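Taking it in order: structure first as structure tokens, then the write-up.
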Amino acid sequence: MRPTEILMDEHRVIERVLDALIDIATEAQRQQRLDAQAAGDALEFFRIFADTVHHGKEEAHLFPAMEAKGFPRQGGPTGVMMMEHEEGRGHVRAMAEVISAAAQGDPQALQRFRDHAFHFAQLLRAHIQKEDQCLFSMADESFNAEEQRRLTEAFERAESVEIEAGLRERGLALAAALTTGRGTVPVR
Ligand SMILES: [Fe+2]
Ligand SMILES: [Fe+2]
């Protein structure tokens with residue numbers, strides 16, 4: 001499997017949990033109360049799977065490999081992707097800050113959770129589209145077969161050594177729980 005195919009598969013999981021997050025935020029507005037457990041699980045998924053496992057591989061391995069091929073970070077495509085990852089972390093932090101107040105029905109906290117959930121989903125969906133349709137093709141074209149193989153190995157090493165063991169599985173279990181019975185396509 002090419003390294004970009006591994007990342008694209010992870011994008012599909014992330015998109016389904018974004019659907020679940022929008023569902024949680026919409027339901028909270030309707031009920032005037034946030035489901036703290038579901039919201040906390042969704043944020044945990046975005047922290048561990050979307051950020052640590054997925055963005056971790058992009059930032060530590062894919063982007064540096066592209067930069068070594070001459071793509072500039074400053075003002076270049078990987079620099080823009082890094083900035084968007086950081087912007088996403090800001091939305092996740094902002095949602096986490098208001099979970100308990102929103103779970104008590106505080107209208108401002110509910111509004112804030114909803115706004116950040118929608119902006120985060122919009123940001124990450126557009127980000128994923130840019131990577132799938134543009135950045136990953138540039139990566140595929142610039143690496144030869146040996147470089148692709150080395151990058152896939154680096155991804156495997158990242159998940160077995162650099163990233164805390166079991167994080168991927170924990171993320172996938174959260175995704176499966178969050179997407180089951182929500183009317184969205186569940187992660188299996
Ligand atoms: Fe990314
Ligand atoms: Fe990505």
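No lab work stands behind these numbers, since they all come straight from the coordinates. Just so it is clear, the model here is predicted, and its values are computed rather than measured. Note that each Cβ is placed from the backbone with ideal geometry, even for glycine, and that neighbours are counted across all protein chains shown.
Express the Stokes-Einstein translational diffusion coefficient of the stretch 1-146 in µm² s⁻¹, to the nearest whole number, given a Kirkwood radius over alpha-carbon pairs, 20 °C and a viscosity of 1.002 mPa s. Walk me through the intermediate numbers first.
Details: Rh = 16.1 Å.
For the chosen part, D equals 133 µm²/s.
Please work out the FRET efficiency for the pair Gln133 and Gln31, using the Cβ-Cβ distance as r and a Förster radius of 30 Å; give the result to the nearest 0.05. Don't jump to the answer; show the numbers that get you there.
On the way: r = 37 Å, r/R0 = 1.23.
Efficiency, rounded to the nearest 0.05: 0.20.
Given the Cα-Cα distance of Ser160 and Asp115 and 0.36 nm per residue of separation, how much length would full extension add, in nm?
On the way: separation 45, 0.36 × 45 = 16.20 nm, distance 3.60 nm.
Gain on extension, Ser160 to Asp115, equals 12.6 nm.
Give the order of His55, His119, His85 when sorted by the count of other beta carbons within 10 angstrom, beginning with the fewest.
Arranged by neighbour count, lowest to highest, His55, His119, His85 become His119, His85, His55.
Taking a ≥ b ≥ c as the square roots of the eigenvalues of the Cα gyration tensor of the stretch 41-103, is the shape rounded (a/c under 1.5), prolate (a/b larger than b/c) or oblate?
Details: a/c = 6.21, a/b = 2.33, b/c = 2.66.
Note, shape of the stretch 41-103 comes out oblate.
GluC sites (Glu not before Pro), restricted to the stretch 140-188: which are DSSP loop and have at most 15 other Cβ atoms within 10 Å? Walk me through the intermediate numbers first.
On the way: sites: Glu141, Glu146, Glu147, Glu153, Glu156, Glu159, Glu162, Glu164, Glu169; in loops: Glu164.
Passing both the DSSP loop test and the Cβ count: Glu164.
So which trypsin sites (Lys or Arg not before Pro) in the stretch 1-86 end up in coil per DSSP with only 15 or fewer other C-beta atoms within 10 Å? Kindly include the intermediate steps, with their values, before the conclusion.
On the way: sites: Arg12, Arg16, Arg30, Arg33, Arg47, Lys57, Lys69, Arg73; in loops: Arg33, Lys69, Arg73.
Sites meeting the loop and neighbour criteria: Arg33, Lys69, Arg73.
Could you compute the net charge surrounding Pro64? Neighbours are other residues with a C-beta less than 15 Å from the C-beta of Pro64; K and R count +1, D and E count -1. Present the calculation step by step, with values, prior to reporting the outcome.
On the way: positive: Lys57, Lys69, Arg73, Arg150, Arg157; negative: Glu58, Glu59, Glu67, Glu147, Glu153, Glu162.
Summing Lys and Arg as +1 and Asp and Glu as -1 gives -1.
Provide the per-residue ³J(HN,Hα) series for the stretch 173-178, in order, calculated from phi with Karplus coefficients 6.51, -1.76, 1.60 and θ = phi - 60°, each as a whole number of Hz, with x at glycine and proline positions.
These are the phi-based 3J(HN,Hα) values: 5, 4, 4, 5, 5, 6 Hz.
Each residue of the stretch 153-163 in order: what ³J(HN,Hα) in whole Hz does its phi give by Karplus 6.51 cos²θ - 1.76 cosθ + 1.60, θ = phi - 60°, with x for Gly and Pro?
5, 5, 4, 5, 5, 4, 7, 9, 10, 6, 9
Gap in Å between the Cα centre of the stretch 119-179 and the Cα centre of the stretch 65-83?
16 Å
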